[in-house]
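**Q** Can you keep this structure in mind? I'll have questions shortly.
The values are calculated or read from the model by the stated rules, or taken from the named source; none is laboratory data. Just so it is clear, the structure is predicted and the values come from calculations on it, not from any experiment. Counting neighbours? That spans all protein chains shown, and the Cβs are built from the backbone with ideal geometry, glycine included.
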Amino acid sequence: MKKIDFPNKNTAHNINSAIKPIIIIGGGITGIQTALDLADMGLHVYLVERSSSIGGRMAQLDKTFPTNDCSMCILSPKMIDCARHENITLLVYSEVVEIKGDPGNFTVKIRQKPKYIDHLKCTGCGDCISKCPVKVPNEFNMSIDTRKAIYLRFPQAVPKKVVIDSDHCLFLTKGRCRACEKVCQAKAIDFAQMEKLVELNAEAVVFATGFEPYDVSKLKEYGYGEIDNVITAMEYERLISASGPTGGELMRRSDNEIPNRLAFIQCVGSRDIRHKLYCSSVCCMYATKEAILAREHYDNLSATIFYTDLRAGGKKFQSYISRARDEYGVSYLRGRPGRIEQSEESGNPIIVYEDTTTRELKKTEVDMVVLCPALVPSEAHSMKNNPDIEIDEYGFIKIPDRIFSPFDTSRDGIYACGFCQAPQDIPTAVVQASGAAARVAEFICTANVR
Amino acid sequence: MKTRIGVFVCRCGNNIGGVIDVPNVLEDVRSISNVVLAEEFMYACSEDSLSTLKERIKEHGLNRVVVAACTPRTHEPLFKRCCEEAGLNRYLFEFVNIREQCAWIHAHEKAKATKKAAGLVRMGVGKAFLLKPREDIEIDITPSAMIIGGGVSGITSALNLARQGFEVHLVERSDHLGGVASDFKTWFPDREGDRKLSHLVRSIECDENITVYLSSKIKDCSGNLGAFTVVIQDGDKERTVVVGTIVIATGAGVLKPHGLYGYGELSNVMTQMEYDNLSKRRKEKYKKVVMINCVGTRVTERPYCSQVCCMIAIKNAISVKESNPQAAVHILHRDILVYGTAEEYYRYAMELGIGFSRYTIEAPPQILGEGSGDTVRYYDETAGKDIDISCDLVVLSTPLVAQEENESMAKLFKVPISEERFFLEAHQKLRPVEFATDGIYICGSARWPVDIRESIAQGYAAAAKAAIPMHRGRVFFEAITASCDEKNCSGCGSCIEVCPYNAVDYKDLEEDRKVVEVNQVKCKGCGCCVSACKNGAMQQHGFSDYQLLSMIEMMA
């Protein structure tokens, strides 16, 4: 077979090339890695992200297991590489709404929400943010603190450009203010921007749309939203993060005190026939990491993890668990708590569970409970408009031959990698990201030889 | 030619300008001789500032440029390119970070932050004096790959790269392709697995881009990314090939649990693999099957979880039940590890009536019986007592273990292995299929025990990494490498020991004297060798002793 020359392998774009770009949906670590690999090979890539910055869930994590690497420190260089790569076009604040056409010749319709900012002019200096009078719950910090109506998703955002939240901006909702416009020295504010629909011609499409946490308030027995200091793991990540809303202090929402007794509950909605049957695959490990971080922060804190099976099969995972147990004194208790009650005296959560080693029903009062929710495929992508790509019974993108064709969806030329096709941890998702890139390259080479 | 230095200080809106007194910094730097121009920008990185920068280089005849702004990680390439466009060699540019290192970190001490910024800019100028023009290191990539190991991950890498149009050499030490996966007779949930695997093997054999070397091993490897010279040995025959990239996919072995649970002594104790290979008729003979998981794993001498054994046990248990619904099947385990939607098969197994019970490592199961096992006794934590299960077959789930050859392979390719003797990738989270050494990649169970699906996914991933330089055909590296001044080298070899990239090696000088030499492609410019050198013979381009001393002098 002949070797195909990819168009942009060394220098600037060769727009006359017969090879069309690749569209990657989702700007988390998986989409970023697929984009980088394909772009490094010399293909032109569009990376489509629905929020205003790439980075995805990994950007919200404090540290990562089992190396305890700072998540942002290892992710941020990759985000910057994406922004700098001459073969990658970032389309943030954008969503794919339709994929039509045939393998090797898709027409992809993308909705670009108005940012009300000229991103060519915005330098990300942040002067406008300090002047904006509107405060809105900050979704990046799981609504623990607030952001402004004009905002950067997080300080290391890529592109480092602000957007205006049209639902809350005073000028866009009430027709007055324009404080940002007055202060912007780069003249980047543009209230005349409209939503745009663009159509791109693409060789192939890769889904990397990731996950979101399951709504744990559906498990009434755990009292999330009703009992003080019962929080989710994602909220915990933002609390323990030095760049988070509390500067890394594990403050209880009820009284700003640091908990002494901390408990984690696994499989909240996972491995549960009432909710999600499958195992979310990462919770045993991240709960262990979160417990280690708490112990690193606070000498007097005790941490207990309630688990079903301890699933720690990845590289160096067992030794990580041993370290948590032996060096950090994290306790592992087998059992799935039946419910959480609230103490009438202290207001603290009380965990009711069966100790399977003694077969006794027990109650234990703690200062904070972290629920580790089932992780479910991200709603955004499910491409309701696009009946041609099959979704499995859980909402994951269906891979008809999981073993031998691990990235091929039900439709030729459309691939999926990362959490959107099955629960997995970061290294597995990064493997899948590169793997999907190899699969796309193979698809393009074989199609163009024929 | 006179050194003419231009200094440009960025305000970054208020990010720098709000803390640091920029005119003060400029005034300070103007006092240094050879600084012919010092000016500020509101945003140095904006398009119009970059155009101005280019004009200034030309109109003032600048031959060194210093920019004081933000982080080099994001912005250095931009300014380097700008210099180049103005006709100045990119290595004559020096970047100073006064945002993160001054304005942000000292936001509440403006005067001190300004003093520090001025100092850092002076140091930048001090280095700029002594910058030398260089060219990027450029290497051509041979568009061919060597895959070592003909299991599922190696096969996947080979086919993918061949289909991308590259020449592939696939080396397998046994006399057939397929690896451990081909040793399995039954597959689940994909019952067509063995047929599909044979199809893959046939595709390899038919692909004109792939040369297969069976019953062969690697005898020697030298060179670097783009041109590795590899010697393949097949009995007495040797063949040398030159390849651009190498993928290590040598897989893992399956532990034979001699000395555990009567294996090798009791006639009806066997491994999962041995059970899988029994004929259908022999399998049907067994009516009371007990499986024990974590045999020889998650124990002191082998603390890891091999990840694949639970699923194999469930697969074999299902096959017992499906061929003989009356049979009693029991799995004794410590934790059932089935990730993701594989939970469905665990549920299915329970629905078929397969028993799952936990045993504890403190009181592992015992097999009772003479000559053959007839009862398995285990302590059931939940019941709080010993429980006996009658059996006519005991199947042991044993882990994947690192190949014996990994140590010699690691030496041959100069790549690291972990304490468990699996290969060690460049970064566990974000570079799972690469080594720190460019051009050599890793996939499958040679890296860590993984199932067939993950082996195949990793095979693809390693292929992507190998394909990148091969598609490009030519790769450029920044020339901030180390090099050795042979006059001053004593040949002590300290630098060789500390180099994490195996870039330094001995070379013989004519007058019977050993010195070292740095492979300019492998060197990543980390500077370890420079600090290890006792004679000052090792110097790093762009960070030489005299450049650093000049920076320090500017502060004196």
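**Q** Please tell me if residue B:218 is outside the structural domain of residue B:277 (by TED's automatic domain parsing), among the hydrophobic types (A, V, I, L, M, F, W, C), under 18 Å from residue B:467 (Cα atoms) and in contact with a helix residue (DSSP H, G or I) (Cβ under 9 Å, 6 or more places away or on another chain).
**A** no
**Q** Determine which single condition residue A:97 fails, assuming it passes every other condition in (1) in a loop (DSSP other than H, G, I, E, B); (2) more than 10 Å from every other protein chain (Cβ to nearest Cβ); (3) within 24 Å of the chain's Cα centre (by Cα); (4) surrounded by fewer than 18 Cβ atoms within 10 Å (Cβ to Cβ).
**A** It fails just one condition, (1).
**Q** Go over the candidates B:111, B:158, B:162 one by one and state the one that is over 35 Å from the mean Cα position of the chain (by Cα) and outside the structural domain of residue B:519 (by TED's automatic domain parsing).
**A** None of the others qualify; the one that does is B:111.
**Q** Just one of (1) buried (at least 24 other Cβ atoms within 10 Å of the Cβ); (2) facing chain A (nearest Cβ under 9 Å); (3) aromatic (Phe, Trp, Tyr) trips up residue B:476, so point out which.
**A** (1)
**Q** Report yes if residue A:91 is under 22 Å from residue B:77 (Cβ atoms) and either at pLDDT 95 or above or facing chain B (nearest Cβ under 10 Å) (or both), otherwise no.
**A** No.
**Q** Another question, if that's okay. For residues in the stretch A:27-81 being of a type in the set (Val, Ile, Thr) and under 17 Å from residue A:155 (Cβ atoms), which is modelled with the highest pLDDT?
**A** Among those that are of a type in the set (Val, Ile, Thr) and under 17 Å from residue A:155 (Cβ atoms), it is A:54.
**Q** Suppose we filter A:255, A:272, A:215 for residues that are within 14 Å of another protein chain (Cβ to nearest Cβ) and out of contact with any Phe, Trp or Tyr (no Cβ under 8 Å at 6 or more places or on another chain); which single one remains?
**A** Testing whether each residue is within 14 Å of another protein chain (Cβ to nearest Cβ) and out of contact with any Phe, Trp or Tyr (no Cβ under 8 Å at 6 or more places or on another chain) leaves just A:272.
**Q** Sticking with this structure for a sec: Of everything in the stretch A:404-426 that's surrounded by fewer than 24 Cβ atoms within 10 Å (Cβ to Cβ) and either charged (D, E, K, R) or under 20 Å from residue A:284 (Cβ atoms) (or both), which residue is farthest from the other protein chains (Cβ to nearest Cβ)?
**A** A:411
**Q** Same structure again: Only one of these conditions is not met by residue A:427: (1) at pLDDT below 95; (2) out of contact with any Phe, Trp or Tyr (no Cβ under 9 Å at 6 or more places or on another chain); (3) not aromatic (Phe, Trp, Tyr). Which number is it?
**A** Status for residue A:427: all satisfied but (1).
**Q** Given the options A:333, A:371, A:310, A:361, name the one that is free of Cβ contacts under 8 Å to residues at least 60 places away in the same chain and touching a helix residue (DSSP H, G or I) at 6+ places or on another chain (Cβ under 7 Å).
**A** Of the residues listed, the single one that is free of Cβ contacts under 8 Å to residues at least 60 places away in the same chain and touching a helix residue (DSSP H, G or I) at 6+ places or on another chain (Cβ under 7 Å) is A:310.
**Q** Please specify each residue of the stretch A:60-82 satisfying the condition of being at negative phi, surrounded by fewer than 17 Cβ atoms within 10 Å (Cβ to Cβ) and either more than 7 Å from every other protein chain (Cβ to nearest Cβ) or part of a helix (DSSP H, G or I) (or both).
**A** Once the filter is applied, which keeps residues that are at negative phi, surrounded by fewer than 17 Cβ atoms within 10 Å (Cβ to Cβ) and either more than 7 Å from every other protein chain (Cβ to nearest Cβ) or part of a helix (DSSP H, G or I) (or both), the stretch A:60-82 yields A:70, A:73, A:77.
**Q** Residues that are part of a helix (DSSP H, G or I), within 14 Å of another protein chain (Cβ to nearest Cβ) and over 30 Å from residue A:441 (Cα atoms): does the stretch A:185-200 have at least one?
**A** no
**Q** For the stretch B:455-468, which residues satisfy the criterion of being more than 18 Å from residue B:418 (Cβ to Cβ) and either at the interface with another protein chain (Cβ under 7 Å from one of its Cβ atoms) or surrounded by fewer than 24 Cβ atoms within 10 Å (Cβ to Cβ) (or both)?
**A** B:456, B:457, B:460, B:461, B:463, B:464, B:465, B:467, B:468
**Q** If residue A:324 meets every condition in (1) within 25 Å of the chain's Cα centre (by Cα); (2) over 19 Å from residue A:239 (Cα atoms); (3) of a type outside the set (S, T, N, Q) apart from one, which number is that one?
**A** (1)
**Q** Taking the condition of being assigned to a strand (DSSP E or B) and buried (at least 19 other Cβ atoms within 10 Å of the Cβ), how many residues in the stretch A:210-226 meet it?
**A** Qualifying residue count for the region: 2.
**Q** Take the stretch B:202-252 and flag every residue that is within 14 Å of chain A (Cβ to nearest Cβ) and assigned to a helix (DSSP H, G or I).
**A** Within the stretch B:202-252, B:202, B:203, B:204, B:206 meet the criteria.
**Q** Counting just the residues of the stretch A:118-140 that are assigned to a helix (DSSP H, G or I) and either over 17 Å from residue A:171 (Cα atoms) or among the aromatic types (Phe, Trp, Tyr) (or both), which one comes out nearest to the chain's Cα centre (by Cα)?
**A** It comes out as A:140.
**Q** Can you pull out every residue in the stretch B:58-99 that is surrounded by 15 or more Cβ atoms within 10 Å (Cβ to Cβ) and in a loop (DSSP other than H, G, I, E, B)?
**A** Matches in the stretch B:58-99: B:62, B:63, B:70, B:86, B:88, B:89, B:98.
**Q** Now for a separate question. Identify, by number, the condition in (1) touching a strand residue (DSSP E or B) at 6+ places or on another chain (Cβ under 6 Å); (2) under 28 Å from residue A:360 (Cα atoms) that residue A:300 doesn't meet.
**A** Here residue A:300 meets the rest and fails (1).
**Q** State all residues of the stretch B:350-391 that are touching a helix residue (DSSP H, G or I) at 6+ places or on another chain (Cβ under 8 Å) and either part of a loop (DSSP other than H, G, I, E, B) or not assigned by TED's automatic domain parsing to the domain that holds residue B:284 (or both); if no residue qualifies, say none.
**A** Correct list: B:352, B:353, B:354.
**Q** Could I ask something else about it? Check residue B:420 against each of (1) in a loop (DSSP other than H, G, I, E, B); (2) closer than 24 Å to residue A:29 by Cβ; (3) touching a residue at least 40 places away in the same chain (Cβ under 8 Å) and name the one condition it does not meet.
**A** Unmet condition: (2).
**Q** Another one. Applying the selection to the stretch B:283-311, what residues are among the basic types (Lys, Arg), within 14 Å of chain A (Cβ to nearest Cβ) and part of a strand (DSSP E or B)?
**A** Result: B:302, single match.
**Q** Here is a list of conditions, (1) crowded, with 20+ Cβ neighbours inside 10 Å; (2) in a loop (DSSP other than H, G, I, E, B); (3) of a type outside the set (Asp, Glu), and residue A:246 meets all of them except one; can you say which number that is?
**A** (1)
**Q** Let me ask something additional. Given the stretch A:262-343, what strands (runs of 3 or more DSSP E) lie entirely inside it while holding 3 or more residues that are among the hydrophobic types (A, V, I, L, M, F, W, C)?
**A** Strands (runs of 3 or more DSSP E) meeting the threshold: A:302-307.
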